[in-house]
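S.K.: Here it is, the structure in full.
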Ligand SMILES: [Mn+2]
């Protein structure tokens, strides 16, 4: 599969790299890392990275390009494989679209699709491709890729971290990425962000079988002066890492009055619950969107009964 992708890179002169909307460290890191990888190994090619920007833009800025750049171009779509989540839909103008992703959702887009759902980060797949094809990588490319690996593995804490994760990290450090520099860049916090964490730690509630949860209306976002995304995705793991709490859920109202749901689990797969409510993701980290906080109670009930079943199995 990597060979097919390398052949396609060889074939095209213009390469444009997309990824999901509201990029996280892995989406941007994979995108900027792949851009640099192609630039230094194929200096005759012109490579662009496009999409929306958010507070991760310190990793690198996006290119602004005209529609005609897509004529006869090769497009990569990284860290996402479903159409509605892709940032900048002009990828449709390209001649060939390659999707590289590590999420469980079945792809609904792409001429060449590479999904490795056991991989912790999309950056890990990009690095494996580089390694297997003896591509050169420098510090400028290694830093965003290591940022992707670090953020999607929760600083090497998440349960699916394995030997490969560390091999890839070692490779990136050998290529010049300084892990302290990366941590400094990623984890020095704003005061309001730190205080929001305190708010979560002090206010989460528990269901009967200890699903930890928070229901955040718009006042939380406003009080701490952060985005909905920060309250939702960035805070969910404040409820993790506690003895006796195996599942945690974060329900956050957005501007449209919908409830953004982030679900996490220590070991039991919860992705079927996310799917039941129209969402998806990974086995232990997934999400969905709900219409109301009443619906959130149904999700909590389903999660709680997973733990109830687990408890009964344990007693048998
Ligand atoms: Mn990812």
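S.K.: Can you confirm whether region 3-25 contains a residue that is in a helix (DSSP H, G or I), over 15 Å from residue 97 (Cβ atoms) and within 16 Å of the ligand (Cβ to nearest atom)?
M.R.: Among the residues of region 3-25, at least one is in a helix (DSSP H, G or I), over 15 Å from residue 97 (Cβ atoms) and within 16 Å of the ligand (Cβ to nearest atom), which makes the answer yes.
S.K.: Count, please, the residues in region 139-161 that happen to be under 14 Å from residue 60 (Cβ atoms) and more than 14 Å from the ligand (Cβ to nearest atom).
M.R.: Of the residues in that region, 5 qualify.
S.K.: Answer yes if at least one residue in region 75-82 is touching a residue at least 24 places away in the same chain (Cβ under 8 Å), away from the ligand (no atom under 16 Å from the Cβ) and not in a helix (DSSP H, G or I), and no otherwise. Before you say what the answer is, go through the steps one by one.
M.R.: Narrowing region 75-82 to residues touching a residue at least 24 places away in the same chain (Cβ under 8 Å): 75-82.
In the following step, the residues that additionally are away from the ligand (no atom under 16 Å from the Cβ) were identified as 75.
With not in a helix (DSSP H, G or I) added as a condition, the list becomes 75.
Among the residues of region 75-82, at least one is touching a residue at least 24 places away in the same chain (Cβ under 8 Å), away from the ligand (no atom under 16 Å from the Cβ) and not in a helix (DSSP H, G or I), which makes the answer yes.
S.K.: Now, a different point. So, in region 30-52, of the ones that are closer than 18 Å to residue 136 by Cβ and within 16 Å of the ligand (Cβ to nearest atom), which residue ends up surrounded by the fewest Cβ atoms within 10 Å (Cβ to Cβ)?
M.R.: Only one residue fits best here, namely 32.
S.K.: Same structure again: Is region 93-100 home to any residue that is within 13 Å of the ligand (Cβ to nearest atom) and either modelled with pLDDT under 95 or over 16 Å from the mean Cα position of the chain (by Cα) (or both)?
M.R.: no
The values are calculated or read from the model by the stated rules, or taken from the named source; none is laboratory data. Quick caveat: nothing in here was measured; it's all calculated off a predicted structure. Every residue, glycine among them, receives a Cβ derived from its backbone with ideal geometry; neighbour counts consider all protein chains shown.
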